[in-house]
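The values are calculated or read from the model by the stated rules, or taken from the named source; none is laboratory data. Please read all numbers here as calculations on a predicted model, not as lab measurements. In this analysis, Cβ positions are derived from the backbone assuming ideal geometry, glycine residues included, and neighbour counts consider all displayed protein chains. Each accessible area value is taken on the protein alone, full model and side chains, heavy atoms only, with ligands, DNA and RNA left out. Shrake-Rupley method; radii C 1.70, N 1.55, O 1.52, S 1.80 Å.
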Amino acid sequence: MIYLDNSATTKPYKEVLETYLTVSEQYFGNPSSLHTLGLEAEKVLTRSREVIAKLLGVKAKEVIFTSGGTEGNNLAIKGVSLEHLSRGKHIITSVVEHASTYETFAELENQGFDVTYLPVNPTGLVSVDDLKKAIRSDTILVSLIHVNNETGAVQPIQEIGEVLKDYPKVLFHVDHVQGITKVPVHLKKHHIDLCTISGHKFHGVKGTGALYVREGITLSPMLHGGVQEARLRAGTENVPGIAALAKALRMTMDKSEKGKSNLIRLQEKAIAGLKEIDGIILNSQSGKGHAPHIVNFSIPGAKPEVVIQSLSHQQIYVSTKSACSSKLSSPSRILLEMGLGHKRAESAIRISFSYETQVEEIDTFIQVMKKEVPKLLQVMR
């Protein structure tokens, strides 16, 4: 099996699953309960929060546990917008956000908020100057994806943070789901107020994640009914999942120093091989401004679902668009916003790596593509 869909989800580490099982069996008490079992579960929860906070370079009380990226983005965006209505109703994002952000802004727009959608250039990047021009006296939030989940384009988060530090009433949220462990940001130095991560993107279990909320920021909670997670997320905490989240984050960050150079080699090899195949057009690049673990390309004239199934029969697993939107037949919104045209947007394929991906797997993938693409295009003619 050659798994090249790591941006959709990663395979949990064996050690992470062992942690999940151990905590499930031995620390099954409700962490809000006052008896011994509850207190033991609370200790696991507290320790996990401390580990994650240290890895992120923040305070433990600034870490709020969620069920993943979608919930984290919703809590950050809606939480700020609804809590700070008295300051203004102008909020800013980009046209290339993940659906969990893009659709949240669309919903807030329906509720009367004034939304500015920043455009992007052909490489998928927003302009810092466009952002500066968009900020108004009633702006309360800027929310941007860090690493684009389809193309790997890396937004200039550090430069934007520098701009926004001069606007203390404008909060800065970063969707760091695709970047965490692979393309680092410094939450404090980059003046980020809120940041979303998701466990299953770095070999944790699904249904786990965290939202960094800078100390002093108030949010309107999305869930009510308890005092858990600083009253921002009511409900019994997923202690086994949270312990597994801490384990996965620590393990993946331990691998990142050596692993990043390998990701770069994998990406360069994949791009070089794809360039040799007639009928393939690359939609993403390597080097500065692009994450090392994502390659997006199109095969105009071929249906992506046919390509995916053809590769699946050979136990090679890739994807089209975001996993959250891959079952929709519409062309990629991201590629359309980049100005790449309908043919490329409707035939896009994404491959994505993890620190577990091997060079030999890329070699095999390229060899298979060299055989399959001409056949697929011949059938479609």
Identify, from the list Asp138, Asp114, the residue that is more than 16 Å from the chain's Cα centre (by Cα), loosely packed, with under 15 Cβ neighbours inside 10 Å and within 30 Å of Gly339 (Cβ to Cβ). Asp114
State whether one or more residues within region 153-170 are under 12 Å from the mean Cα position of the chain (by Cα), open to solvent by 10 Å² or more (accessible area, probe 1.4 Å) and not polar (S, T, N, Q). yes
Listed residues Lys375, Lys371, Lys288; which is of a type in the set (D, E, K, R), assigned to a loop (DSSP other than H, G, I, E, B) and at pLDDT below 95? Lys288
So in region 339-353, with the set limited to residues that are assigned to a loop (DSSP other than H, G, I, E, B) and either open to solvent by 10 Å² or more (accessible area, probe 1.4 Å) or out of contact with any Ser or Thr (no Cβ under 8 Å at 6 or more places or on another chain) (or both), which one is farthest from Ser94 (Cα to Cα)? Phe353
Is one or more of the residues making up region 216-228 open to solvent by 30 Å² or more (accessible area, probe 1.4 Å), over 26 Å from Gly29 (Cα atoms) and of a type outside the set (Val, Ile, Thr)? yes
Out of all the residues in region 1-45, which are under 30 Å from Gln309 (Cα atoms) and part of a loop (DSSP other than H, G, I, E, B)? Met1, Leu4, Asn6, Ser7, Ala8, Thr9, Thr10, Lys11, Pro12, Tyr13
Within region 229-240, can you find the residues that are open to solvent by 30 Å² or more (accessible area, probe 1.4 Å) and within 12 Å of Glu42 (Cα to Cα)? Thr236, Asn238
Qualifying residues in region 75-98 (those that are open to solvent by less than 20 Å² (accessible area, probe 1.4 Å) and in a helix (DSSP H, G or I)) - the one farthest from Leu211 (Cα to Cα): Ser81
Can you confirm whether region 31-38 contains a residue that is under 29 Å from Arg214 (Cβ atoms) and either more than 22 Å from the chain's Cα centre (by Cα) or among the basic types (Lys, Arg) (or both)? yes
Determine whether Leu45 is surrounded by fewer than 18 Cβ atoms within 10 Å (Cβ to Cβ) and out of contact with any strand residue (DSSP E or B) (no Cβ under 6 Å at 6 or more places or on another chain). no
I'm checking my understanding of the structure. Among residues of region 61-74 that are crowded, with 20+ Cβ neighbours inside 10 Å and of a type in the set (Gly, Ala, Ser), which one is nearest to Thr208 (Cα to Cα)? Gly68
Please go through region 26-71 and pick out each residue that is touching a His at 6+ places or on another chain (Cβ under 9 Å) and within 20 Å of Leu232 (Cβ to Cβ). Gly68, Gly69, Thr70
Options Val58, Val126; residue that is crowded, with 22+ Cβ neighbours inside 10 Å and either at pLDDT below 95 or assigned to a loop (DSSP other than H, G, I, E, B) (or both): Val126
Which of the numbered conditions does Ile192 fail, given that it passes all the others? Conditions: (1) part of a loop (DSSP other than H, G, I, E, B); (2) within 21 Å of Glu62 (Cβ to Cβ); (3) touching a residue at least 60 places away in the same chain (Cβ under 8 Å). (3)
Of the residues in region 244-279, those that are under 30 Å from Gln378 (Cα atoms) and either surrounded by fewer than 20 Cβ atoms within 10 Å (Cβ to Cβ) or modelled with pLDDT under 95 (or both) number 10
So which residues in region 10-30 are of a type in the set (S, T, N, Q) and surrounded by fewer than 19 Cβ atoms within 10 Å (Cβ to Cβ), if there are any at all? Thr22, Ser24, Gln26, Asn30
